[in-house]
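The values are calculated or read from the model by the stated rules, or taken from the named source; none is laboratory data. Please read these numbers as outputs of a predicted model, since none were measured by experiment. All Cβ positions, glycine included, derive from the backbone under ideal geometry; neighbour counts span all protein chains shown. Quick note on the areas: whole protein, heavy atoms, side chains included, nothing else; ligands and nucleic acids left out. Shrake-Rupley method; radii C 1.70, N 1.55, O 1.52, S 1.80 Å.
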Amino acid sequence: MKKAVAKPKKTAGRKPSASPKDKTAKTKKLSGKFLDVFNRVKVIAAKEAGAEAKMLEICWLLNSKFPHYNWAGFYIAAGDRQLVLGPFVGEPTEHTHIPFGRGICGQAAERGETFVVDDVSEESNYLACSMYVRSEIVVPIFVRGEVAGELDIDSHQPRAFTEEDRRFLEKVCGHLSAIF
C-alpha cells in the first residue's frame, strides 16, 4: 500500500512525488531507452573523473537521448540553504543561486521531493529560465538523508514528462548520490 505524503500548497500543474522514504515508486523496472540510458549513466558515474565532469557528461547524454529534455543541469546544495548552478547543457540561465523554497528547484530542495510541472505558466513560484520552457521536472539527490543537489530538466513542450521519465530520473539521481 502506498504511503500517504503531505501535499504542498496546491498549484496548477505541479505534482510532487512520493517522499524519498517511499520505495513504491522505485520498484517498477525501467525499460527500453530508459534502461539503456540508465546503464550508460552508471558507466559515466564509475569513471575515473571528477564529479563535475561526470555531471556534465550526464547532462549531454540526457539532452541527446531524449528530444523533450531541452535543458539539463545540476544544482548543488550549499551550506547556507542555497542551490548553486553546476554543470548544465542548454541555454544559459541567470539563476545561478537559488534559495531553498524559491522557485520549483528551491521547493524541491526544501521539501526533498521530486516536482513535475506540466505547465510553468500556471505556476506562481516559477523562476523563468527561458521564454521557451513549458514544463519542468526537478529531482533531489540525497546524501545521508539530506538534499545534496538536484537534477533539473526543462522542456519546450507542455506536459512533457511522463511517470516513466520521473521513475527514470529518480533512479539516476539515486545512483548519482555516490558522486556528491
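Overview of results
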read-out: Reachable aspartates and glutamates from K33, criterion Cα separation under 16 angstrom, eight or more residues apart if same chain; value: E163, E164, D165, E170
read-out: Packing rank of 106-119, 29-42, 68-81, 132-145, where each peptide gets the mean count of other beta carbons within 10 Å, highest leading; value: 106-119, 132-145, 68-81, 29-42
read-out: Residues D119 and D36, FRET efficiency given R0 of 22 Å [Cβ-Cβ distance, rounded to 0.05]; value: 0.15
read-out: Solvent-accessible heavy-atom area per residue, rounded to whole Å², over segment 45-104 at 1.4 Å; value: 49
read-out: Net +/- balance of residues flanking V43 in space, Cβ distance below 13 Å, scoring K and R +1, D and E -1; value: +1
read-out: Solvent-accessible surface ranking, highest first, for E91, E48 at 1.4 angstrom; value: E48, E91
read-out: Net charge over other residues, Cβ less than 15 angstrom from the Cβ of E91 (K, R count +1; D, E count -1); value: -3
read-out: Local electrostatic count, F180, Cβ distance below 12 Å [Lys/Arg +1, Asp/Glu -1]; value: -1
